[in-house]
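The values are calculated or read from the model by the stated rules, or taken from the named source; none is laboratory data. For clarity, every value in this text was computed on a predicted model and none was experimentally measured. Using ideal geometry, Cβ is built from the backbone for each residue, glycine included, and neighbour counts are taken over all protein chains shown. Ligands, DNA and RNA are excluded from the accessible area calculation, which covers all protein heavy atoms including side chains. Shrake-Rupley method; radii C 1.70, N 1.55, O 1.52, S 1.80 Å.
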Amino acid sequence: MPLRYDGPTLTLVVNPEAGRGRARRLLPQLTAGLVAGLPGANLHVHQTTSFSDARLRCIQAVDQARPAVEGHRRDALVVMGGDGMMHLGLNAAAGTDVPLGLVAAGRGNDFCRGIGVPNDLAGAIRTIVAGHTLRMDLMEARGRLADGAERRWVGSIVSTGFDARVNYRTNHLRWNLGQLSYTWAALAELSRFEPVPYRLVIDGEVRDQTAMFVAVGNAGWFGGGMQGCVGADVTDGLLDLTVVNPVSRVTLLRLLPRMFDGGYIRDPAVEQLRAREVVVDGDGLFGMADGEELGPVPLRLRAVPDSLSVFAPSH
């Protein structure tokens, strides 16, 4: 006798504090929209109490997802919050066929921006209800990582150098001004920043150099709307690298605003490369990934095709 199918289970994991409480305020609209749009679905909602709680909830949702039933929607994990929640969601769902729904409610929302998922609530609900999935690449990061792990999956960008220091400072501010927080942190770091020595291995080719920063991307955005890797494609099986070679502080200050529209890549100090695997090393460098602390170098970064299913608009 075939198993009875009683509708898909959507497990919604929410960081209620994301966006200075914006996620908590939007949660009733989100749940109402999902229930109305998917009347046969079972919606389970978890408001997380900590980073570790959120991580565990995401992992449990994926582990407990039932096998796909032909002709019916798959059980899914939906995360609501900032890029930290997206990072936890993609790490839980990586390497499975459990689709991941994304509802942006944080400060940066760069992962959604990088893969074309709407950042507004109504658009996010429409995307999840429609059920179209994008099968995309992820970046695998290996090393002595910040949480004691040896491997983590990255959706957007691994940054080191100036950009990583700005990201770290932004995360540790006592106040939150949204996108202006990153700008303030950038100006504060700029006053004392010097080019740093990198030891890179790009698809086996050794490259020793100094640079302001080297960004290695899967999707292309970071820093709350900055285009760290302009033109990055999450389905091409490759990593994108942006190298900003040594420039004066005045020049870097001039380039920073152009990171929002991508115009900075026309400067002769900027290089764009693509590779399947990159090792990033150098004295005193620390990696940030999807806006979260990744760990000290060396970091081995590899493009892994066909790694994640996300609900995304059909094109």
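Miscellaneous remarks
- Scalar couplings 3J(HN,Hα) for the stretch 221-230, obtained by applying the Karplus form with A = 6.51, B = -1.76, C = 1.60 to θ = phi - 60°, are 10, 7, x, x, x, 8, 8, x, 10, 5 Hz; x denotes Gly and Pro.
- Computed from phi, the 3J(HN,Hα) profile of the stretch 273-290 under the Karplus parametrisation 6.51, -1.76, 1.60 (θ = phi - 60°) reads 9, 9, 7, 8, 8, 9, 9, 10, 9, x, 6, x, 7, 9, x, 10, 9, 6 Hz, with x in place of Gly and Pro.
- Note on Phe260 and Asp6: with the Förster distance fixed at 41 Å, the Cβ-Cβ geometry gives a FRET efficiency of about 0.30.
- Percent of alpha-carbon pairs separated by more than 26 Å within the stretch 194-315: 19 percent
- Cβ-based charge dipole, the chain, positive-most Cα from Thr11, Val98, Leu134: Thr11
- Förster-model FRET efficiency, 51 Å R0, Gln64 and Val250, C-beta, rounded to 0.05: 0.40
- Cα gyration tensor category, rounded, prolate or oblate, for the stretch 262-314 with a/c compared to 1.5: oblate
- Measuring nothing but protein heavy atoms, the accessible surface of the chain at 1.4 Å probe radius is 52 percent carbon and sulfur.
- The modelled label-to-label distance for the pair Glu150/Arg199, using points 7 Å beyond Cα in the direction of Cβ, is 2.1 nm.
- Evaluated with a Cβ-only charge set (Lys, Arg +1; Asp, Glu -1), the chain carries a dipole of roughly 780 debye about its Cα centre, given to the nearest 20.
- With protein chains left intact and a 1.4 Å probe, residues in the chain average 44 Å² of accessible area per residue.
- Here the Karplus curve 6.51 cos²θ - 1.76 cosθ + 1.60, taken at θ = phi - 60°, turns the phi angles of the stretch 252-263 into couplings of 4, 4, 6, 6, 3, x, 6, 5, 6, 10, x, x Hz, with x standing for Gly and Pro.
- Simple label model, 7 Å out from Cα along Cβ direction - Glu271 to Ala130, nm: 3.9 nm
- Correct option for Rg and Dmax of the Cα atoms in Å [calculated from the coordinates] among (i) 19.6, 72; (ii) 23.7, 104; (iii) 32.0, 105: (i)
- Spin-label zone in the stretch 110-154 - amide nitrogen under 18 Å from a point set 7 Å from the Cα of Val35 along the C-beta vector: 122, 125-126, 129
- Rounded, prolate or oblate (a/c below 1.5 giving rounded, otherwise prolate when a/b exceeds b/c) for the stretch 27-89 by Cα gyration tensor: oblate
- Judged by the gyration tensor of its Cα atoms, with axes a ≥ b ≥ c, the stretch 72-164 is oblate; a/c meets the 1.5 cut and b/c is at least as large as a/b.
- Counted residue by residue at 0.36 nm each, then reduced by the alpha carbon distance between them, the extension gain from Thr235 to Leu43 reaches 66.1 nm.
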